[in-house]
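If you scroll down you'll find the structure; I have some questions about it.
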Amino acid sequence: MIKFGELKNGDYVLAESDGQAWRGEVVGFNHDEKQVCVNNGVQDFYFDTENLYPLPVDEEQLTKLKFTKHVNDDGSVKYMKGAFRIQTPEQDDFSTFEIWYRDEKRIMTHPISVHDLQNHYNAMTKVHLTDEVI
């Protein structure tokens, strides 16, 4: 479950309905009912937050967000989108990693979700992280 106040328009989440789950984009809010409107790529649906789950940051999600990958000689992996960088200590290890943009660097000491990464990206670049190519 994701808390209502953690989400922003454009965030990616896992939405569940009738036993099926799919990745969707937050496109609106019903503040009176504390519901979140999620687009599944075809249409919009409103969900209570107990039916929304975080997507873990992993290589699959970074690929969907159009990051490019570079494996370093020491086995660490760098993911790049424009001037924004994510570096993991080794392939498929997102338990701790660094993110940086220009002269600002942040160290993540635990796994985070895609919507959290989007919030960090926005705070550092002043641009919302989407699956658009830049």
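The numbers here are math on the coordinates, done by the rules we state, and not lab data. All figures in this text were calculated on a predicted structure; none of them were measured in a lab. Positions of Cβ are generated from backbone atoms using ideal geometry, with glycine treated the same way; all protein chains shown enter the neighbour counts.
Which value, in debye to the nearest 20, gives the size of the charge dipole of the stretch 4-53 about its Cα centre, when Lys and Arg are +1 and Asp and Glu are -1 at the Cβ?
Using Cβ point charges on Lys, Arg, Asp and Glu, the stretch 4-53 gives about 180 debye.
Quick one: length gained pulling residue 73 to residue 132 fully straight, 0.36 nm per residue minus the C-alpha distance?
Using 0.36 nm per residue and subtracting the Cα-Cα distance, I get 18.3 nm.
Strictly over 19 Å apart at the Cα level, which of 105/126; 8/126; 3/105; 3/34; 3/66; 8/78 would you flag in this model?
Beyond 19 Å: 3/105; 3/66; 8/78.
Normalise the Cα radius of gyration of the chain by 2.2 N^0.38 Å (N = residues in it) and let me know the number.
Dividing the Cα radius of gyration by 2.2 N^0.38 Å gives 1.09.
Okay, moving on. Can you check how the C-alpha radius of gyration of the stretch 4-53 compares to 2.2 N^0.38 Å, as a plain ratio?
0.99
Could you tell me which GluC sites (Glu not before Pro) in the stretch 14-60 are loop residues by DSSP with no more than 12 other beta carbons within 10 angstrom of their beta carbon?
Qualifying residues, ordered by number: 33.
Assigning unit charges at the beta carbon (Lys, Arg +1; Asp, Glu -1) and nothing else, what dipole magnitude in debye, to the nearest 20, does the stretch 24-134 show about its Cα centre?
520 debye
Let me ask you something else. Under the Kirkwood approximation for Rh and a Cα-based Rg, what ratio Rg/Rh is obtained for the stretch 59-125?
Result for the stretch 59-125 is an Rg/Rh of 0.92.
Considering the chain as a Gaussian network with a 10 Å cut-off on Cα pairs, which listed residue, 18, 48, 58, attains the greatest mean-square fluctuation?
Result: 18 has the largest fluctuation of those listed.
Counting other C-beta atoms within 10 Å, which of 76, 17, 113 has the fewest, and how do the rest follow?
Listed from fewest to most nearby Cβ atoms, that is 17, 76, 113.
Okay, moving on. Which GluC sites (Glu not before Pro) does the stretch 75-115 hold that lie in a coil by DSSP with at most 15 other beta carbons within 10 Å?
Counting only loop positions with at most 15 other Cβ atoms within 10 Å, the GluC sites (Glu not before Pro) in the stretch 75-115 are 90.
OK, next. How big is the C-alpha Rg of the stretch 19-88 next to the rule-of-thumb value 2.2 N^0.38 Å, as a ratio?
1.48
Label-point separation (nm) for residue 100 and residue 1, each offset 7 Å from Cα along Cα-to-Cβ?
Placing both labels 7 Å beyond Cα along the Cβ direction yields 3.9 nm.
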